[in-house]
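Notes for the one structure printed next.
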């Protein structure tokens, strides 16, 4: 009896020990890796780093400096140096970034390194400052009744999260969705900013967030993002795929336009599947591109839209992806996180601004590439360390 009891104890101890070893040995697999900006790397870890034309990123860096220098001592010092360098050549610009920043890989869940890289551009639409049969589609100003509630005031852990709505009686309810705004009730009558000729073109302008309108006399006005109705963005392409009307690998800007053109009787219903709605304002046309969420002009192929909860706006980012061509080529370059977007959510998720014109539309419309992101974090000159 004593022997049996001892045997049971021994067996139990061995089982517990085996379980502990298994758990400890498997912790690498069972415990998720930190998500977001990961450990520091060296610049030699960035694929293609020395082959980029770093001077082309200099104007975008100076734009970031306009917003970052007054808010962060690290940026104040490095931006003072950047401004004093005027327009450096590629080698001098590269050495500047290597001196003042340290690269960090962006990691997804379970150590995932690849994510989705898409593109956007500044479209050109035909429009008028007055409504007519030729220009029946309105772009609206931000409605005065649109309420924006910053949740951080009530819940600090929700910093950066906002909800939008309107008052009805004594309640705050969701704001009108796309179907309601563009419906026959016309709840935003009187808030029209400009009219355009094509509802599909207007829909894609909402997705891009800014564009230019060519008026009947040949003059152009620029419009930019003013606000959004608070409803989540829903991808038209994914909806068509889900409904079996397109294949995922077929979806791009050109194919979406073609599908809508071939199914005019379904245009309204399909556009309304995206309840998100953007409001616009007139904007100046700066030397650069449209104004991004950092409130600086975007630079073609050097500005990036990111999820700001993962990558702080203003930071340099090394982008490693491929071109959206029939035969993709490596596309590696230094860009600046200067914008956000309703569809840009997630850790390794970014949207490259391609600029204005036919090439920009083609590249942005076709871009749906796998890619990696590396964030460049400024050093602390006093401590020799860096944090996002």
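The values are calculated or read from the model by the stated rules, or taken from the named source; none is laboratory data. Since this is a predicted model, take the numbers as computed values, not measurements. Because the Cβ atoms are built from the backbone with ideal geometry, glycine has one as well, and the counts that use them run over all protein chains shown.
Return a yes/no flag: does the stretch 286-299 have any residue that is without any contact (Cβ under 8 Å) to a residue 24 or more places away in the chain and either farther than 30 Å from residue 191 by Cα or in a loop (DSSP other than H, G, I, E, B) (or both). Among the residues of the stretch 286-299, at least one is without any contact (Cβ under 8 Å) to a residue 24 or more places away in the chain and either farther than 30 Å from residue 191 by Cα or in a loop (DSSP other than H, G, I, E, B) (or both), which makes the answer yes. Scanning the stretch 314-328 for residues that are in a loop (DSSP other than H, G, I, E, B) and either under 19 Å from residue 113 (Cα atoms) or touching a residue at least 60 places away in the same chain (Cβ under 8 Å) (or both) gives 314, 315, 323, 324. Only one entry in 94, 74, 53, 112 is more than 30 Å from residue 224 (Cα to Cα) and in contact with a helix residue (DSSP H, G or I) (Cβ under 7 Å, 6 or more places away or on another chain), namely 94. Scanning the stretch 336-349 for residues that are modelled with pLDDT of 95 or more and either part of a loop (DSSP other than H, G, I, E, B) or surrounded by fewer than 24 Cβ atoms within 10 Å (Cβ to Cβ) (or both) yields one hit, 349.
For the stretch 272-285, how many residues meet the condition of being in a strand (DSSP E or B), buried (at least 19 other Cβ atoms within 10 Å of the Cβ) and either in contact with a helix residue (DSSP H, G or I) (Cβ under 7 Å, 6 or more places away or on another chain) or modelled with pLDDT under 95 (or both)?
Applying the first criterion (in a strand (DSSP E or B)) to the stretch 272-285 yields 278-283.
If we keep only those that are buried (at least 19 other Cβ atoms within 10 Å of the Cβ) as well, we get 278-280.
This time we only want the ones that are either in contact with a helix residue (DSSP H, G or I) (Cβ under 7 Å, 6 or more places away or on another chain) or modelled with pLDDT under 95 (or both), so: 278.
The total comes to 1.
Condition first: under 30 Å from residue 34 (Cβ atoms) and either at pLDDT 95 or above or touching a helix residue (DSSP H, G or I) at 6+ places or on another chain (Cβ under 7 Å) (or both). Now tell me which residues in the stretch 350-368 satisfy that.
Applying the first criterion (under 30 Å from residue 34 (Cβ atoms)) to the stretch 350-368 yields 350-353, 367-368.
Once the filter is applied, which keeps residues that are under 30 Å from residue 34 (Cβ atoms) and either at pLDDT 95 or above or touching a helix residue (DSSP H, G or I) at 6+ places or on another chain (Cβ under 7 Å) (or both), the stretch 350-368 yields 350, 351, 352, 353.
Restricted to the stretch 165-242, the set of strands (runs of 3 or more DSSP E) holding at least 3 residues that are buried (at least 18 other Cβ atoms within 10 Å of the Cβ) and either within 21 Å of the chain's Cα centre (by Cα) or at positive phi (or both) comprises 220-228.
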